[in-house]
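Here the structure is laid out as structure tokens; the discussion comes afterwards.
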Amino acid sequence: MPFNNSILHIIPYDKCTGCFACYNACPNNAIRMTLSPYGFYHPELIENRCSNCGLCSKGCPVSANSYACSQNRSSENILSYAAWTKNETLREHSSSGGIFTELANAVLALGGIVYGVSWKSGWTLCHAKAESNYGLLTFRGSKYLQSNVGLAYKEIEQIIRSSRIVLFSGLPCQVAALHNFVDGENLITLDLVCHGTPSVVVFHKYLEHVSDSRIIKSINFRNKENGWSKFRIHIDFTDGSCYSETFRKDPFLVGFLSDLYLNDACYNCPFCSVPRQGDLTLADYWGVPKEYKNDLGVSLILSNNSKGDKLLDILKNKGSVELTQTLFDSALKGNPRIVAGNLQIPKQRDSFLLQIQHADFQSLQHIISEVNCFQIKK
């Protein structure tokens, strides 16, 4: 049987974001998501289960051109805010201003459910749900890795049908994928300003390198011990020791921020644009006006439609956050991926990803040094 309607025959490999839409859409369990040798999630077709129904293609946000998102605000009308929680402890332990947790708490107070990402065994990243404040703890903090969405979209579709509110936090491509399954007033989506998803294989080789046979207890990509603008990656081990390095010197973060090992689709992402994908967009406010700058961290919120406005109104009335409207132009400073999804592919990328499959991380650090975006060019 020809499989002309399956997603694998319609979407080029380098356009696939690994969003798990096709996996959720297939009624026959004919698609499985696997990590490629390069370390990115991609669908595989189980041919003896495929009925060629085409539902996987209809669910795919790339195939369906879901990035148009015409119902959300244009750059002329988008509402931009500088925001931070008034809870100093929460702010200290959050990547920027602690706003995700405040938004999530507001949804839980309405009897809703929150979907975010948390670490699972083997230091893989998975989408999960929380129905309590305690459950939110594992969602807190930036995690620079591609997540395994699992069957979250199908689960959310069922929850929305039961008239409960759901807040879904994810990358723009994941939010676009979810909107292909379900929409309505009870679904609130939060898209994150995304630099791109780095290779899972590279990340695990990096962990092997820095752990040096020690057992990892916790990973914090955004430790603010030296301040929000000078964040560090901090890894604790079960023997009481730790690894801690600034984002300008840690080899994994340098390679990631220098675009060395991102997913193919991330170099020309159609979902990094305005109108945005979510009801709200969340990021670090790196270009925050001087009068609001604080090294405890400031969050950037973009409200993209009336649904986003309503949730922010709840936060305002609750009085738990500082929320100040700012100019959209200042939001773009330090956050170019709000409006532009194009990145230049380093010439060393393919060679690095081929070699990392068989080499250890340390032996390839010289390639990271070659592309280091923090080096001063003379």
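Which whole-number percent is the relative contact order of the chain (Cα, under 8 Å, 6+ apart)?
Relative contact order of the chain: 21 percent.
Between rounded, prolate and oblate, where does region 214-365 land on the alpha carbon gyration tensor, with a ≥ b ≥ c its root eigenvalues, rounded for a/c under 1.5, else prolate if a/b exceeds b/c?
Oblate is the answer for region 214-365, as a/c is 1.5 or above yet b/c matches or exceeds a/b.
Rounded to whole Å and ordered largest first, report the semi-axes of the equivalent ellipsoid of the chain derived from its Cα gyration tensor (root of 5λ).
Over the Cα atoms of the chain, the semi-axes work out to 29, 29, 20 Å.
Which distance in nm do the two modelled labels at residue 64 and residue 124 give, with both placed 7 Å along the Cα-to-Cβ direction?
Simple spin-label model gives 2.5 nm for this pair.
Would you mind checking 58/333; 310/333; 120/290; 15/347; 224/318 for any pair whose Cα atoms are more than 29 angstrom apart?
Over 29 Å Cα-Cα: 58/333; 120/290.
Got a sec to turn the phi values of region 157-165 into Karplus ³J(HN,Hα) couplings, 6.51 cos²θ - 1.76 cosθ + 1.60 with θ = phi - 60°, whole Hz, x for Gly and Pro?
4, 5, 5, 4, 5, 8, 6, 8, 7
Counting only Cα atoms, I'd like the Rg/Rh figure for region 17-128, Kirkwood definition for Rh.
Using only Cα positions, Rg/Rh for region 17-128 is 1.07.
Using just the helices of the chain, give the 222 nm mean residue ellipticity in deg cm²/dmol: DSSP H runs with n ≥ 4 each add -39,500 (n - 2.57), and the total is spread over all residues, rounded to 500.
Calculated at 222 nm, the ellipticity per residue is -7000 deg cm²/dmol.
Separation of region 170-212 and region 103-124 by C-alpha centroid, Å?
First find each Cα centre; the distance between them is then 14 Å.
Which whole-number percent is the relative contact order of region 103-229 (Cα, under 8 Å, 6+ apart)?
24
Read-outs throughout are calculated quantities, based only on the coordinates presented, and are distinct from any laboratory measurement. What you see is a predicted model, and the numbers here were worked out from it, not measured in a lab. Glycine gets a Cβ as well: all are built from the backbone with ideal geometry, and neighbour counts include every protein chain shown.
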